[in-house]
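**Student:** Below is the structure I would like to discuss, written out as structure tokens.
The values are calculated or read from the model by the stated rules, or taken from the named source; none is laboratory data. Bear in mind that the values here come from a model prediction, so they are computed numbers and not experimental data. Glycine also receives a Cβ, built like all others from the backbone with ideal geometry; neighbour counts cover every protein chain displayed. Quick note on the areas: whole protein, heavy atoms, side chains included, nothing else; ligands and nucleic acids left out. Shrake-Rupley method; radii C 1.70, N 1.55, O 1.52, S 1.80 Å.
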Amino acid sequence: MLNRRAEKEGVRPVIFPHWFHRIRFRCKVCHAELGFKMRVGSNDFKMSDIVEGRFCGACHNGEIAWPPDQCDLCHSGKRGLPTGIVGGHETGGPGRW
Amino acid sequence: MAWGDEWVSLRKDGIHDPRGPAVRVLQEPEVALSKLTPDTAGNMVRWVQSLEKGEINPRANLRPDTKIRLYESDVLLNLKGGMPIVRFPHRQHTLWLDCTNCHDHLFKAEAGATKFSMLKILEGEQCGVCHGAVSFPLTECFRCHSVARPGDGKPRPSLPIAIPAGAVPPK
């Protein structure tokens with residue numbers, strides 16, 4: 001769940017599904033080639049970066065995956081939810097996740 | 001339905017806006033994940049096994065000049081603790097990850113130079129950057145603590161780490 005900027009900018013928060021992406025790409029593609037840091041909320045980028053081909057925009061360009069004008073497909077979260085890891089592998093412990 | 005009713009629909013997962021257009025378009029987790037090797041924890045998929053069996057074939061690079069590095073050595077950790085020894089397999093990790101994802105900011109490359117702490121891991125540091133977030137959860141103690149100590153004849157409590165072929169998920 002990514003809501004660092006989205007809601008302040010008037011759109012739904014982004015849900016990035018790791019499960020969907022890892023069927024198609026190994027972790028290293030985004031976390032080494034594209035430079036995504038491995039901590040939710042720590043990647044400070046804007047839609048303009050994506051449109052210019054950085055971060056998600058390396059694939060979400062209308063060639064490998066849908067282009068960035070398909071706002072609602074990524075900005076699909078419930079309003080009011082904070083940035084964080086949600087779901088499957090989350091450990092119900094004292095972790096910061 | 002998955003083991004433990006894991007794969008709820010996007011409409012009911014509590015994070016997608018059920019009134020938005022995406023839930024009518026995006027792939028449902030059950031559609032993709034129910035075809036993969038089942039697990040009993042996390043998001044109920046044995047991701048490494050699924051990759052090794054060829055059920056999935058995720059791309060390892062976008063750019064043609066990226067060097068794809070695989071590393072095969074195992075590292076034994078927690079040599080003096082009370083729990084079974086940890087066997088860290090580089091091979092399974094480098095199938096997914098690049099060396100720079102862990103070295104040297106999380107773990108020094110030199111053997112024995114990093115002090116591990118289960119408390120830090122539970123707080124989302126070290127192994128906990130991934131385990132407990134996007135890879136199998138930290139409640140699966142014996143998947144990492146997998147090597148009996150010399151002279152330790154007592155059987156360890158075992159968790160179901162392998163599901164027999166053809167096993168039927170419990171209702």
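**Student:** Just one of the numbered conditions (1) modelled with pLDDT of 95 or more; (2) in contact with a Pro (Cβ under 8 Å, 6 or more places away or on another chain); (3) under 16 Å from A:Val86 (Cβ atoms) is not true of B:Val23; which one?
**Tutor:** Looking at each condition in turn, B:Val23 falls short on (2).
**Student:** Sticking with this one: Has segment A:61-78 got any residue that is open to solvent by 30 Å² or more (accessible area, probe 1.4 Å), assigned to a loop (DSSP other than H, G, I, E, B) and β-branched (Val, Ile, Thr)?
**Tutor:** Looking through segment A:61-78, at least one residue is open to solvent by 30 Å² or more (accessible area, probe 1.4 Å), assigned to a loop (DSSP other than H, G, I, E, B) and β-branched (Val, Ile, Thr).
**Student:** Across segment A:48-60, which residue is farthest from B:Arg24 (Cα to Cα) among those that are open to solvent by less than 40 Å² (accessible area, probe 1.4 Å) and in a helix (DSSP H, G or I)?
**Tutor:** Kept after step one, since they are open to solvent by less than 40 Å² (accessible area, probe 1.4 Å), are these residues of segment A:48-60: A:49-50, A:53, A:57-60.
Now restrict to residues that are in a helix (DSSP H, G or I): A:49-50, A:57-58.
Details: A:Asp49: 27, A:Ile50: 24, A:Gly57: 23, A:Ala58: 25 Å.
Checking each candidate, the answer is A:Asp49.
**Student:** What is the residue count in segment B:49-69 for residues that are within 11 Å of chain A (Cβ to nearest Cβ) and either among the polar types (S, T, N, Q) or open to solvent by less than 70 Å² (accessible area, probe 1.4 Å) (or both)?
**Tutor:** Total satisfying the criteria: 9.
**Student:** Under 7 Å by Cβ, and 6 or more places apart or on different chains, what pairs join a residue from segment B:6-30 that is touching a residue at least 12 places away in the same chain (Cβ under 8 Å) with one that is surrounded by fewer than 17 Cβ atoms within 10 Å (Cβ to Cβ) and of a type in the set (Asp, Glu)?
**Tutor:** B:Trp7/B:Glu30; B:Ser9/B:Glu28; B:Leu10/B:Glu28; B:Ala22/A:Asp72
**Student:** So, in segment A:1-21, of the ones that are outside any loop (DSSP other than H, G, I, E, B) and either touching a Leu at 6+ places or on another chain (Cβ under 9 Å) or among the acidic types (Asp, Glu) (or both), which residue ends up farthest from B:Thr37 (Cα to Cα)?
**Tutor:** A:Glu9
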